[in-house]
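The values are calculated or read from the model by the stated rules, or taken from the named source; none is laboratory data. Everything numeric in this text was worked out from a predicted model, so none of it was measured. Using ideal geometry, Cβ is built from the backbone for each residue, glycine included, and neighbour counts are taken over all protein chains shown. For accessibility, only protein heavy atoms count, side chains too; no ligands or nucleic acids. Shrake-Rupley method; radii C 1.70, N 1.55, O 1.52, S 1.80 Å.
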Amino acid sequence: MATTTPSELRDEVRRRYAEAAAVATEGRAACDCGGGGCCEHVSGESGYAEALYSVDERGELPDAAVLASLGCGNPIAVAELREGETVLDLGSGGGIDVILSAKRVGPKGTAYGLDMTDQMLALAQRNAQEAEIPNVHFLKGIIEQIPLPADSVDVVISNCVINLSTDKPAVLTEISRVLRPGGRIGISDIVAEDRPSPEQRAERGSYVGCIAGALSKGEYEAGLEAAGFEEISVELSHEVADGMYSAIVKGVKTTRPEVKGLPVIQPATKAGCC
């Protein structure tokens, strides 16, 4: 049966990431959970992390955190974290970016990880304990309703997660709400060129595989502007499917969020890989 509604898509994402957490716990790279879609561009025994994180960065992490990485970039490399800052990672998975963020901001800073999957949260907690990182907090919730107060975060990062949301205007508004004035984003995500329609994006890959739900470059820029960001940059990196790219997204919050109509991306009907 096709996955069609936002609720069904969210359940499918949750199930796939629960499977990925179980695979990482067993000592295998999380993209071993089925192949195809999000996994076909991955090489190396450590899955995504081997290609996206330096040897030094991987050396700071428990093996299970590296194996559980399902990102499409390295937001730590672009977020320019500073000592004492408060960082929030949306869709924190096995905790790889939360642990690295906590090390960058130091004992006077704080790193939060938000995830909706119990298995990933449990794995992340174990990884943080193994890494002996005290300044981390993992929260259960969805990225459309961030369980933190307004103006409480300096930096929001995310690694190939926002494309999985079925309500991206809500996500961008929530990011702006929790950021302090002058706060910034450093996000890795899958982004489409402006030419493919939502229907064409759905043909290039699955929703759970991070393709069908991706925004176009123009949609991302317009959505961030509507949510109260300036100095917006959406830089396309390597191509992952026809007209679809891993991208680095940056911006600075300067005003209160005021969503003015980010184009709605209809949920695709094709389920896929982790």
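If you stretched the chain out fully between Glu83 and Asp151, how much longer would it get, using 0.36 nm times the residue separation minus the C-alpha to C-alpha distance?
Details: separation 68, 0.36 × 68 = 24.48 nm, distance 1.83 nm.
Gain in length upon complete extension: 22.6 nm.
Give the Debye-formula value of log10 I(q)/I(0) at each listed q (0.17 Å⁻¹), with one equal scatterer per alpha carbon of the stretch 142-198, two decimals each.
Result of the Debye calculation: -0.58.
Using a cut-off of 20 Å between alpha-carbon atoms, which lysines can reach Lys253, once sequence neighbours fewer than 8 places away in the same chain are excluded?
Lys168, Lys217
Give the long-range amide H neighbours of Ser237: residues separated by 5 or more places, or on another chain, with amide H under 5 Å away, using H modelled in the peptide plane at 1.01 Å from N.
Placed amide hydrogens put Ser246, Ala247, Ile248 under 5 Å from Ser237.
Taking a virtual spin label 7 Å from the Cα of Val252 along the C-beta vector, which residues in the stretch 184-201 bring their backbone nitrogen under 17 Å of it?
184-187
Express in nm, to one decimal, how much length is gained between Glu199 and Glu231 on full extension, taking 0.36 nm for each residue of separation and deducting their alpha carbon distance.
Details: separation 32, 0.36 × 32 = 11.52 nm, distance 3.00 nm.
Value of the extension gain: 8.5 nm.
What's the extension gain from Asp242 to Lys140 if we count 0.36 nm per residue and subtract their Cα-Cα distance?
33.3 nm
Ratio of alpha-carbon Rg to the 2.2 N^0.38 Å globular estimate for the stretch 113-184, to two decimals, please. It would help to have the intermediate numbers written out before the result.
Values: Rg = 13.0 Å, N = 72, 2.2 N^0.38 = 11.2 Å.
It is 1.16.
Counting only protein chains, not ligands or nucleic acids, how are Val252, Val153 ordered by accessible area (probe 1.4 Å), most first?
Values: Val252 30, Val153 0 Å².
Heavy-atom accessible area, descending, gives Val252, Val153.
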